[in-house]
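Input: a single structure, listed below in structure tokens.
Values in this text are rule-based calculations from the coordinates and carry no lab data. Given the structure is predicted, the values throughout are model-derived calculations rather than measurements. Quick reminder, even Gly has a Cβ in these numbers, built from the backbone with ideal geometry, and neighbours come from all protein chains shown.
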Amino acid sequence: MEVRSRNFLRRCSLKVYETLSRSLAQRMEWAKLKVVIGDGAVWIWNPSNQHFSGAIQIVNLYHARQHLWEVAALLPNDPAAQKSWMVPMKELLDHGEIERRVARLREIAAEHAA
């Protein structure tokens, strides 16, 4: 028999999030698969790592796109160049080609670290 449970923690303070996630984790110990979806903020992932050990962590699409625009803003102050960079990156993201997108971001980071 398969049992599914959905629980949502919406916008709240860090203290409330930690309290609620701890409580939820105790009730969800039986779950074989745990997934945490968030905006990518450290204050979400840290308690999630603590209370939902081994959970799959997913940045939601809206915020993933927002983070890509933050990277695009690091390019020279040329909106056209930023947009031309963003279009293929957004396509990779929207089509689930996360590994290719991450590989490209690592290449860019390495280029700028040198």
**Message:** Can you tell me the orientation of helix 42-51 relative to the chain, as the angle in degrees between its alpha-carbon axis and the longest Cα principal axis, to the nearest 10?
**Reply:** 30
**Asked** Taking the Cβ of residue 63 as the center, what net charge do the other residues with Cβ under 11 Å away carry, scoring Lys and Arg +1 and Asp and Glu -1?
**Response** -1
**Residues listed by number, the stretch 31-50, amide nitrogen under 16 Å from residue 16 label point at 7 Å toward C-beta** = 44
**Asked** Under a 5 Å amide H to amide H cut-off, with H placed in plane at 1.01 Å, what residues pair with residue 58 once short-range neighbours are removed?
**Response** 36, 37, 38
**Item:** Helix axis angle, 79-94 relative to the chain longest principal axis, alpha carbon, degrees
**Value:** 40
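How much length would be gained if the chain were fully extended between residue 75 and residue 109, taking 0.36 nm per residue of separation minus their Cα-Cα distance, in nm to one decimal?
Values: separation 34, 0.36 × 34 = 12.24 nm, distance 1.17 nm.
Here the answer is 11.1 nm.
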**Complete:** With Cα coordinates, the longest principal axis of the chain makes an angle with the long axis of helix 14-27, in degrees rounded to 10, of 50
**Computed [θ] at 222 nm, helices only, for the chain once each DSSP H run of length n ≥ 4 contributes -39500 (n - 2.57)** = -19000 deg cm²/dmol
